[in-house]
Amino acid sequence: MTVTLPPVAAFVTVVCGVFGLLVGSFLNVVIYRVPRKESIVRPRSRCPGCGTQLAERDNVPVISWLVLRGRCRTCGEPVSARYPLVELLTAGLFVAAALRFGADWIVPAYLVFFASLVAITFIDLDHYIIPNRVLYPSLFIAIPLLVVAAAAQGEWRHLERAIIGAASAWAFFLILHLISPRGMGFGDVRLSFLLGLFLGWLDLRHVFLGVFFGFLLGSIVGLVLLALRRRGRKDHIPFGPFLAAGAVIAVLFGSTILGWYSPG
Ligand SMILES: [Zn+2]
């Protein structure tokens with residue numbers, strides 16, 4: 001398959017990829033420090049093994065990790081492969097957003113959305129929480145970007161749908177939370193507002209699809225872990241990562257999937 005991109009779209013895609021590596025590097029800081037209630041601005045990154053501050057050249061996304069072969073320059077302690085993986089994942093999602101939307105005013109908003117989902121996924125995996133200190137700043141940046149995109153496109157229909165999507169998803173998850181507070185944490189309810197906003201922007205079918213894929217992935221992984229006896233029936237599996245993955249699938253492939261089912 002060959003994909004021919006117009007020059008502007010190709011440029012946007014490359015810029016998004018490089019920007020994604022840098023944002024991924026920042027997300028590593030967010031993922032480590034936010035649950036520990038530390039500042040994400042200061043001090044500079046340190047090696048968790050020996051506490052040495054990382055020099056500029058040892059803080060280049062992916063490349064530093066490869067050059068140092070996954071070890072600290074000072075103490076030789078292994079540095080988790082998760083750091084470059086988060087950077088590559090973020091870059092991949094940013095490129096995917098650029099390819100999905102092209103050179104469009106909506107791209108910045110979806111970059112914020114995807115970055116937020118990466119941070120939420122890894123924090124939830126590590127700590128079983130979806131922190132407000134990630135969720136609220138994301139909404140605070142994303143909502144004005146959606147308004148700007150709607151104004152620039154002269155098209156407010158998407159924004160209306162986004163608000164309806166956010167309210168519907170939030171109400172649905174709130175009901176699940178009230179039925180089973182242990183099964184569905186309130187962090188997931190808050191996250192559903194963010195998901196509903198961005199999936200609703202596309203249309204309400206995307207909200208349904210995203211939530212559906214979230215539950216599908218969660219059930220499959222839950223059953224596999226149960227079958228492998230890696231977890232007991234009562235152990236907690238964080239749900240945020242599955243909701244995030246479902247949302248990404250719906251954003252990137254929702255229109256294609258929905259196309260299979262609509263006549264003509
Ligand atoms: Zn070290």
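The values are calculated or read from the model by the stated rules, or taken from the named source; none is laboratory data. Fair warning: this is a prediction, and the values are worked out from it, not measured in the lab. No Cβ is skipped: glycine too gets one built from the backbone with ideal geometry, and neighbour counts run over all protein chains shown.
Annotations
- Those residues of region 166-206 which are over 22 Å from LEU252 (Cβ atoms), of a type in the set (Lys, Arg) and part of a helix (DSSP H, G or I), in sequence order: ARG190
- Taking the listed residues ILE129, ILE143, the one that is more than 16 Å from the ligand (Cβ to nearest atom), part of a loop (DSSP other than H, G, I, E, B) and in contact (Cβ under 8 Å) with a residue 12 or more places away in the chain is ILE129, with no other qualifying.
- From the list ARG46, ARG82, ARG71, the lone residue that is in contact with a strand residue (DSSP E or B) (Cβ under 9 Å, 6 or more places away or on another chain), at pLDDT 90 or above and not assigned by TED's automatic domain parsing to the domain that holds GLY240 is ARG71.
- When ALA97 is tested against (1) farther than 30 Å from GLN153 by Cβ; (2) crowded, with 18+ Cβ neighbours inside 10 Å, only condition (1) is not met.
- Qualifying residues in region 42-54 (those that are loosely packed, with under 12 Cβ neighbours inside 10 Å and out of contact with any helix residue (DSSP H, G or I) (no Cβ under 9 Å at 6 or more places or on another chain)) - the one farthest from VAL23 (Cα to Cα): GLY51
- If you go through region 36-61 and pick out every residue that is within 16 Å of the ligand (Cβ to nearest atom), in contact (Cβ under 8 Å) with a residue 24 or more places away in the chain and in a loop (DSSP other than H, G, I, E, B), you end up with 4.
- Count of region 61-81 residues which are within 25 Å of the chain's Cα centre (by Cα) and surrounded by fewer than 16 Cβ atoms within 10 Å (Cβ to Cβ): 5
- So SER64, is it out of contact with any strand residue (DSSP E or B) (no Cβ under 9 Å at 6 or more places or on another chain) and not in a helix (DSSP H, G or I): no
- Complete set of residues in region 65-85 that are touching a helix residue (DSSP H, G or I) at 6+ places or on another chain (Cβ under 7 Å) and within 13 Å of the ligand (Cβ to nearest atom): LEU68, ARG73, VAL79
- Residue within region 2-15 that is within 16 Å of the ligand (Cβ to nearest atom) and more than 29 Å from LEU135 (Cα to Cα) present: no
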